[in-house]
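The values are calculated or read from the model by the stated rules, or taken from the named source; none is laboratory data. Fair warning: this is a prediction, and the values are worked out from it, not measured in the lab. FYI the Cβ positions are ideal-geometry reconstructions off the backbone, even for glycines, and counts take in every protein chain you see.
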Amino acid sequence: MARETSTSELFERFNVVAKEIKDEYNAHLWLIEVFGKRHSYVAGCKEDSFLPPEVIYINKRFAVVSSDWDRIPLEKKEEVFSLVRDFCN
Amino acid sequence: MLGVLTKKERDWVESVIKDEEIVKYMENGRDFIDDDDIWERLQRNTKPDKNRIRDIIQKSLEIQTLEPDETASLLNIEDPDTWHEIFQVAKEIKRKVYDNRIVTFAPLYCGDLCVNNCLYCGFRRENVVIKRRRLGLDEIRKEAEVLAGEIGHKRLIVVYGEHPSTDAGYIADTIRTIYDVKVKTKNGYGQIRRVNVNIAPMSVDDLRLLRDVGIGTYQVFQETYHHGTYKRLHPEGTLKSHYQWRLYCHHRALEAGVDDVAIGALFGLYDWRFEVMGLLYHARDLERQFGIGPHTISFPRLEPAANTPFIQATNYRVSDEDFKKIIAVIRLSVPYTGMILTAREPASIRREVLPIGITQTDASTKIGIGAYSDRYTDQEEDRQQFLLGDTRSLDEVIRELAQMGYITSFCTAGYRCGRTGDRIMTLLRTGREAVFCKLNAVLTFREWLDDFASPETKAAGEQVLKKEIEEIKDKLPQNVYEKLLEYYRRIEDGERDLYF
C-alpha cells in the first residue's frame with residue numbers, strides 16, 4: 001500500500017503528541033532517525049530532564065527516546081509507538 | 001608523469017561536482033562571502049567605543065550569534081585591557097555552554113593520495129617527496145585497535161585525501177571497520193564510539209552513504225574564504241579549485257541528514273581578520289538556511305610540510321598574540337559552537353590558549369599513514385601532511401589538563417541519543433548541554449582512568465573527579481546525582497558506555 005503520510009507529516013504529528021505528553025505528564029519525548037550509531041533528532045521535545053535517555057527502537061529506521069518513560073502511562077506510550085509504526089507500514 | 005592525472009583519476013574528477021547541488025543554496029547566483037563587503041565592514045568598525053563592546057559582550061553571554069558588524073568591531077579592538085576582558089568573557093562563555101570539560105580525540109589518516117595540487121599542502125599531487133599509500137581495512141583495524149585498546153581514545157577524526165581510491169565507498173568501509181573494533185582493556189573494553197570525518201566536499205548521495213554508516217561530524221575546512229586567494233592557491237582545473245562546491249558542502253550534508261557539520265579556515269593563507277569574518281558568515285548562512293550552525297569551528301595555523309616552500313613564503317603568518325585573539329573572537333561570535341585546538345600547536349601555546357574557549361583537543365597524535373600500529377616515535381616528513389607541534393601522549397596531556405583544573409571527557413553520547421541538529425542547538429544556547437557535558441565527562445573519565453592512566457595521571461585525575469562530583473551534588477537535582485553515583489559505581493565494577 002502506498003504510504004499515506006510523508007515524513008514531515010509524521011514529524012508534525014509526533015510534535016503534537018510530544019507536546020501533549022510534556023504538558024500532561026511532564027515527560028520529554030523525542031523521535032530519532034537511526035543511521036548506525038548516529039541517532040539524529042527529527043521531532044519532539046528539544047529539552048529534557050537530566051536523566052539517562054532510554055531509546056526504544058520502533059523499527060530499523062526510527063526510535064523514540066525519553067528520560068522519563070516511567071511518567072508516561074502505558075496506553076499513551078502505545079499511542080506514540082503506533083503513530084510511528086503505522087507510518088512505516 | 002609527475003602530477004599528471006591518469007584517465008581513471010581524470011574521469012573521476014569530472015564526475016564529482018554537481019552544479020545543481022551548489023546553485024540551489026545561492027542567492028541570485030552569488031555565494032554568501034562578499035569580499036568587498038567584508039573589508040568594508042572591517043574598515044567601518046575601527047576604534048569601537050567601550051559601550052559598544054560591552055553591548056556585544058552581553059549578546060555573546062546570552063549565547064546569540066553576532067552580526068558581522070559586531071564581529072568586525074571585536075576584531076578592531078586595540079586597547080590591551082579590552083582584549084584582556086574579551087579573553088575573560090570567552091572563558092566564561094565556554095564554561096556556560098560546555099562546562100569545565102575538554103573532549104579529546106585523535107586523528108587517523110587513512111590515505112595521502114590526492115588529485116589536488118594546493119600550494120600549501122604536503123599531500124599535493126606534485127609533491128614527489130611524499131610516500132603515497134592508502135590503508136587497507138586490516139590496517140585500519142590495527143590502527144583502531146591501538147587507538148581504542150592501548151591509548152584509550154573513544155573519538156576519532158578520520159582523514160582522507162581526495163582521490164578515487166578513497167571515495168565515499170571506501171570511506172564507508174573504513175568507518176564500519178573502525179566501529180567494529182572492540183578491544184579488551186585492563187578493567188573493561190575499548191571501542192571507538194564516534195567517528196568524525198575530515199574529507200573532501202561530496203554530493204548529497206555520497207553524504208547519504210556516509211550518514212547511513214553512522215558518521216559523527218562531517219568536517220571540511222574552506223581553507224581561505226577570500227575568493228582571489230582561494231583561486232591562487234588551488235590551481236585551475238583541479239577539483240578543489242571550485243570555491244562554491246567546497247563552500248556549500250555543509251549545506252549538502254545537512255540536506256543529506258548529517259546534522260553535525262564542522263567548518264574551519266587554515267590561518268596563514270590570507271588576512272586573519274577576514275578569515276574570522278568568513279567563518280562567521282558561514283555559520284550564519286547555515287543557521288539561516290537550516291537552523292543549525294557549525295558543531296565545531298577549527299582554526300589551524302599553517303605548519304611546515306615537506307617540500308612545501310609556500311609555507312615559508314606566506315605574508316599572512318599569524319602571530320601567537322593574534323592567534324589568541326582569533327580564538328576569543330570566534331568564541332564570542334558563535335558562542336554555542338565547539339572549538340578545536342590541535343596538536344599542530346606546541347604545548348606552550350596549547351596551555352595558554354586552551355582556557356579562552358577551547359572545547360576539544362587531540363593527543364597522542366600521529367598523522368603519518370599507518371603510524372599508530374607502526375609505533376614510530378619520530379615525526380617523518382615524507383609520510384605526514386605537515387609537522388606537529390605537540391607529540392605528547394594522551395596520558396601526559398590529560399595529566400596537565402587535570403593539573404590545570406579541567407576534566408577530560410570522552411563523551412560521545414549526544415549523537416547516539418538524538419542530541420543533534422536543531423535539538424543540540426537549543427540545548428547549547430540555553431546552557432542545558434553543559435549539564436550533560438559535566439555528567440558524561442565524569443563517567444567517561446572514570447572509565448579512562450581505570451583502563452589506561454599512569455599512576456601519576458590517575459592521582460591527578462582523582463582530584464578533579466572528586467571536585468566535579470561535589471559540584472554535581474551541590475548544583476543538580478538529587479535524583480540526577482543519585483543516578484550518576486549508580487552509573488559511576490557500575491563503571492568502577494567494569495561496565496562501560498553508560499551515559500546521560
- Residue check, B:Ala253 against (1) within 26 Å of B:Val4 (Cα to Cα); (2) of a type in the set (Gly, Ala, Ser); (3) in contact with a helix residue (DSSP H, G or I) (Cβ under 8 Å, 6 or more places away or on another chain), all met but one. Which one? (1)
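Scan segment A:41-89 for residues that are among the polar types (S, T, N, Q) and either buried (at least 20 other Cβ atoms within 10 Å of the Cβ) or modelled with pLDDT under 95 (or both) and jot them down.
Taking segment A:41-89 first, the residues among the polar types (S, T, N, Q) are A:49, A:59, A:66-67, A:82, A:89.
Hits for segment A:41-89 are A:Ser49, A:Asn59, A:Ser66, A:Ser67, A:Asn89.
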- Query: Within the bounds of segment B:182-202, is there any residue that is surrounded by 18 or more Cβ atoms within 10 Å (Cβ to Cβ) and in a helix (DSSP H, G or I)?
  - Reply: no
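Looking at segment B:308-361, which of the residues that are among the charged types (D, E, K, R) and closer than 30 Å to B:Gly414 by Cα is surrounded by the most Cβ atoms within 10 Å (Cβ to Cβ)?
Going through the qualifying residues, I end up with B:Arg331.
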- Query: When segment A:18-35 is examined, which residues are found to be surrounded by fewer than 19 Cβ atoms within 10 Å (Cβ to Cβ) and either modelled with pLDDT under 95 or on the phi < 0 side of the Ramachandran plot (or both)?
  - Reply: A:Lys19, A:Glu20, A:Lys22, A:Asp23, A:Glu24, A:Tyr25
- Query: Within segment B:416-439, which residues are more than 10 Å from chain A (Cβ to nearest Cβ) and more than 27 Å from A:Phe11 (Cβ to Cβ)?
  - Reply: B:Ala434, B:Cys437
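Conditions (1) buried (at least 23 other Cβ atoms within 10 Å of the Cβ); (2) within 14 Å of chain A (Cβ to nearest Cβ); (3) among the aliphatic types (A, V, I, L, M), marked per residue:
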| residue | (1), (2), (3) |
| --- | --- |
| B:Ser364 | no, no, no |
| B:Thr391 | no, no, no |
| B:Met404 | no, no, yes |
| B:Trp448 | yes, no, no |
- Note on the structure: Residues of segment B:90-134 being farther than 27 Å from B:Arg194 by Cβ, more than 23 Å from the chain's Cα centre (by Cα) and of a type in the set (D, E, K, R), in sequence order, are B:Arg125, B:Glu126, B:Lys131, B:Arg132
- Can you find even one residue in segment B:63-73 that is at negative phi, buried (at least 18 other Cβ atoms within 10 Å of the Cβ), not in a helix (DSSP H, G or I) and not assigned by TED's automatic domain parsing to the domain that holds B:Val204? yes
- Scanning segment B:340-391 residue by residue, those over 22 Å from B:Thr296 (Cα atoms) and assigned to a helix (DSSP H, G or I) turn out to be B:Ser348, B:Ala371, B:Tyr372, B:Ser373, B:Asp374, B:Glu381, B:Asp382, B:Arg383
- In segment B:29-49, what count of residues is obtained for those that are surrounded by fewer than 11 Cβ atoms within 10 Å (Cβ to Cβ) and farther than 30 Å from B:Asp19 by Cα? 3
- Query: Can you name the residue in segment B:1-13 that is surrounded by 10 or more Cβ atoms within 10 Å (Cβ to Cβ) and not β-branched (Val, Ile, Thr) and, of all such residues, is farthest from B:Phe290 (Cα to Cα)?
  - Reply: B:Gly3
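Looking at segment B:218-315, what helices (runs of 4 or more DSSP H) fall wholly within it and have at least 1 residues that are at pLDDT below 95 and more than 20 Å from the chain's Cα centre (by Cα)?
Working: elements: B:227-233, B:243-247, B:249-255, B:272-290, B:310-313.
Of the helices (runs of 4 or more DSSP H) lying wholly inside segment B:218-315, those with at least 1 residues that are at pLDDT below 95 and more than 20 Å from the chain's Cα centre (by Cα) span B:310-313.
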- segment B:135-193 - residue that is away from chain A (no Cβ under 14 Å), hydroxyl-bearing (Ser, Thr, Tyr) and over 19 Å from the mean Cα position of the chain (by Cα) and, of those, nearest to A:Gly36 (Cα to Cα): B:Tyr170
- Run B:Asp138 past the list (1) under 13 Å from B:Gly111 (Cα atoms); (2) out of contact with any Lys or Arg (no Cβ under 7 Å at 6 or more places or on another chain) and report the number of the one that doesn't hold. (1)
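Mind listing whichever residues of segment B:471-500 are within 12 Å of another protein chain (Cβ to nearest Cβ), closer than 22 Å to B:Tyr189 by Cα and of a type in the set (A, V, I, L, M)?
If we filter segment B:471-500 for residues that are within 12 Å of another protein chain (Cβ to nearest Cβ), which is where we start, we get B:472, B:475-484, B:486-487, B:490, B:497-500.
Narrowing the set further to residues that are closer than 22 Å to B:Tyr189 by Cα leaves B:484, B:486-487, B:490, B:497-500.
Listed by number, the residues that qualify are B:Leu484, B:Leu498.
How many residues does segment B:132-177 hold that are part of a loop (DSSP other than H, G, I, E, B) and under 22 Å from B:Glu396 (Cβ atoms)? First the steps, then the outcome.
We begin by selecting, within segment B:132-177, every residue part of a loop (DSSP other than H, G, I, E, B); these are B:132-133, B:135-136, B:152-154, B:160-163, B:167.
Going one step further and asking which of them are under 22 Å from B:Glu396 (Cβ atoms), we end up with B:152-154.
So the answer is 3.
Yes or no: segment B:319-328 includes at least one residue that is without any contact (Cβ under 8 Å) to a residue 40 or more places away in the chain, part of a helix (DSSP H, G or I) and away from chain A (no Cβ under 14 Å). Step through it out loud before you land on a result.
Taking segment B:319-328 as the starting set, the residues that turn out to be without any contact (Cβ under 8 Å) to a residue 40 or more places away in the chain are B:319-321.
From what's left, part of a helix (DSSP H, G or I): B:320-321.
Checking which are away from chain A (no Cβ under 14 Å) leaves us with B:320-321.
Yes, that holds for at least one residue.
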- Message: Suppose we filter B:Arg301, B:Arg284 for residues that are of a type in the set (D, E, K, R), surrounded by fewer than 20 Cβ atoms within 10 Å (Cβ to Cβ) and away from chain A (no Cβ under 14 Å); which single one remains?
- Response: B:Arg284
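Looking at the structure I just gave you, is A:Phe81 closer than 20 Å to B:Val480 by Cα and outside any strand (DSSP E or B)? Can you show your working first?
Details: closer than 20 Å to B:Val480 by Cα: no; outside any strand (DSSP E or B): yes.
Judged against the criteria, A:Phe81 is not a match.
Among the residues of segment B:10-55, write down those that are among the aromatic types (Phe, Trp, Tyr) and assigned to a helix (DSSP H, G or I).
Looking only at segment B:10-55, we keep the residues that are among the aromatic types (Phe, Trp, Tyr), and these are B:12, B:25, B:32, B:39.
Across segment B:10-55, the qualifying residues are B:Trp12, B:Trp39.
If you check B:Gly414, B:Gly389, which single one turns out to be closer than 27 Å to B:Val258 by Cβ, out of contact with any strand residue (DSSP E or B) (no Cβ under 8 Å at 6 or more places or on another chain) and in the same structural domain as B:Ala106 (by TED's automatic domain parsing)? Explain how you work it out, then say what you get.
On the way: B:Gly389 fails: closer than 27 Å to B:Val258 by Cβ.
That would be B:Gly414, the only listed residue that is closer than 27 Å to B:Val258 by Cβ, out of contact with any strand residue (DSSP E or B) (no Cβ under 8 Å at 6 or more places or on another chain) and in the same structural domain as B:Ala106 (by TED's automatic domain parsing).
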